[in-house]
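**Q** This is the structure, below, for whatever I ask next.
The values are calculated or read from the model by the stated rules, or taken from the named source; none is laboratory data. All figures in this text were calculated on a predicted structure; none of them were measured in a lab. Here Cβ is always computed from backbone atoms with ideal geometry, including for glycine, and neighbour counts include all displayed protein chains.
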Amino acid sequence: MRRSKQLGFSLIELLIVVAIILIIAAIAIPNLLRARIAANEASAANTIRQIVSAEINYYNTYPAVGYAPLLTNLGGTLPCGGTPALACMLDDSVAQALPGTKGKQGYQFQATGLSSAGVNAAFVAGGTPVVSNMTGYRNFCSTDDGALRILNAGGGAPVTTSAGCQAYPVTQ
């Protein structure tokens, strides 16, 4: 009797390989998601620092207005006229990353000038994850004092009041 040579893989062998691949994926995917969230949060903290720098620049450039009334006033597309309405002091992708949009790297931002005697004497800048626990875990904010504050319970709309931001713990 002659035995024929087996060509290919048996069904059992293929199922074992698929099971091993699924186990490896189950281990790797959560780590990948955590790494992506960490990158989004680092980007959000840096974006808040950029907004603070743009606000200070805006304040020095337009002293009659004070700080920018809205985040969109800090942006603008090139070529810019450099007006208080479109100052071009901040990348427009940040200036347009408002609540209700897809945001920038998983975060949405808002900056509000706080008026006192007709001039925006203070501001609040805040950033929150677009989808809490999916694009980020933490909220970020800063005021005209320049300190970066972080609230570990992320989500909701970005903070727009000085008292709300002052309630966040200051980072070290």
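**Q** Quick one: is Ala121 modelled with pLDDT of 95 or more, small (Gly, Ala, Ser) and either touching a strand residue (DSSP E or B) at 6+ places or on another chain (Cβ under 6 Å) or not in a loop (DSSP other than H, G, I, E, B) (or both)?
**A** no
**Q** Next question. Right, Ala64: in contact (Cβ under 8 Å) with a residue 40 or more places away in the chain and touching a Leu at 6+ places or on another chain (Cβ under 9 Å) or not?
**A** For Ala64, the condition - in contact (Cβ under 8 Å) with a residue 40 or more places away in the chain and touching a Leu at 6+ places or on another chain (Cβ under 9 Å) - is not met.
**Q** In addition: Identify the single condition in (1) crowded, with 22+ Cβ neighbours inside 10 Å; (2) free of Cβ contacts under 8 Å to residues at least 24 places away in the same chain; (3) within 20 Å of Val170 (Cβ to Cβ) that Phe123 does not satisfy, given that it satisfies every other one.
**A** Here Phe123 meets the rest and fails (2).
**Q** What do you reckon, is Ile12 β-branched (Val, Ile, Thr), more than 30 Å from Gly154 (Cβ to Cβ) and modelled with pLDDT under 90?
**A** In short, yes.
**Q** Do the conditions hold for Ala95, that is, is it buried (at least 16 other Cβ atoms within 10 Å of the Cβ) and under 22 Å from Ala42 (Cα atoms)?
**A** yes
**Q** Scan region 129-163 residue by residue and report those that are surrounded by fewer than 16 Cβ atoms within 10 Å (Cβ to Cβ) and either over 18 Å from the mean Cα position of the chain (by Cα) or part of a helix (DSSP H, G or I) (or both).
**A** If the condition is that a residue be surrounded by fewer than 16 Cβ atoms within 10 Å (Cβ to Cβ) and either over 18 Å from the mean Cα position of the chain (by Cα) or part of a helix (DSSP H, G or I) (or both), then Asp145, Thr161, Ala163 are the ones that fit.
**Q** Check Ala54, Ala45, Ala19 and return the single one that is within 23 Å of Thr135 (Cα to Cα) and among the aliphatic types (A, V, I, L, M).
**A** Ala45
**Q** Can I ask one more? If you take the residues in region 98-114 that are in a strand (DSSP E or B) and either of a type in the set (A, V, I, L, M, F, W, C) or within 14 Å of Glu55 (Cα to Cα) (or both), which one is nearest to the chain's Cα centre (by Cα)?
**A** It comes out as Phe109.
**Q** Select from region 66-85 the residues that are in a loop (DSSP other than H, G, I, E, B), farther than 30 Å from Gly155 by Cβ and in contact with a helix residue (DSSP H, G or I) (Cβ under 7 Å, 6 or more places away or on another chain) and list them in ascending order.
**A** Those that are in a loop (DSSP other than H, G, I, E, B), farther than 30 Å from Gly155 by Cβ and in contact with a helix residue (DSSP H, G or I) (Cβ under 7 Å, 6 or more places away or on another chain): Thr77, Pro84, Ala85.
To keep it simple, each residue is scored yes or no on (1) among the hydroxyl-bearing types (Ser, Thr, Tyr); (2) touching a residue at least 40 places away in the same chain (Cβ under 8 Å).
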position: Val17; (1), (2): no, no
position: Ile20; (1), (2): no, no
position: Ile29; (1), (2): no, no
position: Pro69; (1), (2): no, yes
position: Thr83; (1), (2): yes, no
position: Met89; (1), (2): no, no
position: Lys102; (1), (2): no, no
position: Gly106; (1), (2): no, yes
position: Ala117; (1), (2): no, no
